[in-house]
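The values are calculated or read from the model by the stated rules, or taken from the named source; none is laboratory data. No experiment lies behind these values; they were computed from the predicted model shown. With ideal geometry, Cβ positions are generated from the backbone for all residues, glycine too; neighbour counts draw on all protein chains shown. In case anyone asks, the SASA skips ligands and DNA or RNA and just uses the protein heavy atoms, side chains included. Shrake-Rupley method; radii C 1.70, N 1.55, O 1.52, S 1.80 Å.
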Amino acid sequence: MDQYVIKGGTPLTGEVEIGGAKNAALAIIAAAVMADETVTIENLPDVRDINVMLKAIEHIGAIVERPDRHTVRINGKYINTVNVDDEYIRKIRASYYLLGALIGKYKEAQVALPGGCAIGARPIDLHLKGFRALGVQVDIAHGQVIAKAEHLKGTHIYLDKVSVGATINIMMAAALAEGRTIIENAAKEPHVVDVANLLNRMGASIRGAGTDVIRIQGVQKLYKTDYTIISDQIEAGTYMYAAAATHGDVLVKNVIPKHLEATSAKLIEVGCELKEYDDAVRVIAKNPLRHTQVTTLAYPGFPTDMQPQMGVVLGIAHGTSTITESIFENRFKYVDELNKMGANIKVESNIAIINGVEKYSGARVSAPDLRAGAALVIAGLAAEGITIVDDIYYIERGYERFEEKLASLGGLIKKVSSEKEIQKFKLMIS
Ligand code: UD1
């Protein structure tokens, strides 16, 4: 099993290039199969979850060509089954996007219930409620969602909770329904807009994505197009917070600063200097870090996917901070690991009370999930001494060449797979 070995204490400095948004890409790959023509997608992140999704659509007959690691051409004409189920797809949460895409196109789908990071109960009741409102008969049997409709009929749906996945999924199915669908209390995340933009480029008629009311006029068919995925706000935020925790100076390039507003605002509150450019953000973290309060919220609020990274920054900020996690109930699993590195954090229900310590000390920790894993790597880069992060499989689900990018910023980090390699790293840096 691969691990990261990290020698902390070096401020990160330099420039880092951000890739395409993983969570947008997952939905976009599903949406691409809705046409019988070739959809070309650029700025595709080359990470594990994406590759699982591509394999899944290939298994059901889609033609997938990868001219380079960041470009894919998808043609859904030869799809020969609507049954998507393999051991890999069960591991990723976004497998549910194949429901919306296949229901839209074939009025039928059979997809293994989603897995993903164990950060909470993560039901899909809102997705199913939306499909049912469109006229789909939905059953759950043998660990699969089985959906079938005679016709998809446009409808008016109010989502009881703001859900990114449900919004996108209903939008995909409704794109090929008869008549008009209105989704109220829709999620406003940038990737909802990105998927709507792609579908519109394919011939759909979707208005209002990015607001809380989305109106979709169903069309009969979707067509070929070329599309470039937006950059990943969470990958960007992760490097920004790594700069903060290591007291570095990093220019994070190829981003949309508007999408980073909540992430940036908190960095300024804790004492970092931020410079914004058209498509880059520079974080200068020369000053001591200060405490603050954070609550995760749906976009444009502070993203739950940045919560563990924020926890790591606040763990070494002066004073007492709190983080309230309002989206997922099980997102503090990094706290026990961080406490092993000398942090002083207590979790009470959905609030973490963080008493800042002067510094972390290197320890052996394991990544409990994707973002928590990335956060522990940041802690390792900030810590005194050597940190070993186990279970980096999770991190690789969502970060492309993570260790290479961090090393290019001066981070002393290496991916290893044996005790011998860890010893070699220690000798090399001593
Ligand atoms: C997506 C992201 C994930 C991010 C999350 C919130 C993907 C693949 N994953 O997850 O990285 O952390 O948005 O920004 O894009 N809920 C229900 N019923 C449902 C659906 C959701 O109760 O049918 C609840 C969830 O448990 C959670 C909240 O709604 O408490 C928001 O979840 P949602 O926005 O749907 O998250 P995901 O789409 O799963």
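List of remarks:
- For the chain, the longest principal axis of the Cα atoms and the long axis of helix 370-382 meet at an angle of about 20 degrees.
- Among 214-220, 383-389, the order from most to least packed when residues are scored by Cβ within 10 Å on average: 383-389, 214-220
- Summing Cβ point charges (Lys, Arg +1; Asp, Glu -1) relative to the Cα centre of the stretch 289-420 gives a dipole of roughly 240 debye.
- Between S205 and D125, residue separation times 0.36 nm minus the direct Cα-Cα distance comes to 26.2 nm.
- Per residue, in Å², the accessible surface of the stretch 286-430 once ligands and nucleic acids are set aside, probe 1.4 Å: 41 Å²
- Between E17 and T322, the modelled label-to-label distance comes to 4.4 nm, taking each label 7 Å out from Cα in the direction of the beta carbon.
- Leading residue at positive end of dipole, the chain (Cβ point charges), from V136, H247, V82: V136
- Calculated [θ] (222 nm, deg cm²/dmol) that DSSP helices of n ≥ 4 give over the chain, each run adding -39,500 (n - 2.57): -9500 deg cm²/dmol
- Percent of beta bridges antiparallel (DSSP, the chain, rounded to nearest 5): 70 percent
- When the charge dipole of the chain is built from unit charges on Cβ atoms (+1 for Lys and Arg, -1 for Asp and Glu) and taken about the Cα centre, the candidate among V145, L267, A372 whose Cα reaches farthest toward its positive end is V145.
- Rolling a 1.4 Å probe over the protein heavy atoms gives the stretch 22-228 an accessible area of 39 Å² per residue.
- Cα-based shape type of the stretch 108-240, given that a ≥ b ≥ c are square roots of the gyration tensor eigenvalues and the cut on a/c is 1.5: oblate
- Using θ = phi - 60° in the Karplus curve 6.51 cos²θ - 1.76 cosθ + 1.60, the 3J(HN,Hα) couplings for the stretch 68-80 round to 8, 5, 10, 10, 9, 10, 10, 10, x, 5, 9, 4, 10 Hz; x is entered for Gly and Pro.
- Degrees between helix 190-201 axis and first principal axis of the chain (Cα, 0 to 90, nearest 10): 30 degrees
- Ordering of 167-177, 132-142 by burial proxy (mean other Cβ atoms within 10 Å per residue, highest first): 167-177, 132-142
- Folded to 0 to 90 degrees: helix 233-245 orientation relative to the chain principal axis, Cα: 10 degrees
- Inter-probe distance in nm under a simple model that places probes 7 Å from Cα toward Cβ, at Y223 and T295: 4.7 nm
- Full extension of the chain between D86 and D36 gives 15.6 nm of extra length, using 0.36 nm per residue less the Cα-Cα distance.
- Size of electric dipole in the chain: Cβ of Lys, Arg +1 and of Asp, Glu -1, about Cα centre, debye, nearest 20: 200 debye
- Its relative contact order, with pairs defined as Cα atoms under 8 Å and 6+ residues apart, puts the stretch 22-228 at 21 percent.
- Cut-off under 5 Å, modelled amide H: who pairs with R180 long-range: G154, G218
- In order along the stretch 182-187, the phi-based Karplus estimate (6.51 cos²θ - 1.76 cosθ + 1.60, θ = phi - 60°) of 3J(HN,Hα) comes to 10, 9, 9, 6, 6, 6 Hz; Gly and Pro are listed as x.
- Remark: the Cα gyration tensor places the chain in the prolate category, a/c being 1.5 or greater and a/b exceeding b/c.
- The apolar share of the surface of the chain, taken as the fraction of accessible area on carbon and sulfur atoms (1.4 Å probe, ligands and nucleic acids excluded), comes to 49 percent.
- Contact order, relative form, for the chain: 21 percent (alpha carbon pairs under 8 Å, 6 or more residues apart, mean separation divided by residue count).
- Peptides 63-71, 79-87, ordered by how many other C-beta atoms sit within 10 Å of their residues on average, highest first, read 79-87, 63-71.
- Amide H within-cut-off set for I92, under 5 Å, with H built and near neighbours excluded: G115, G116
- Gyration tensor (alpha-carbon) shape descriptor, the stretch 22-228, a/c threshold 1.5: rounded
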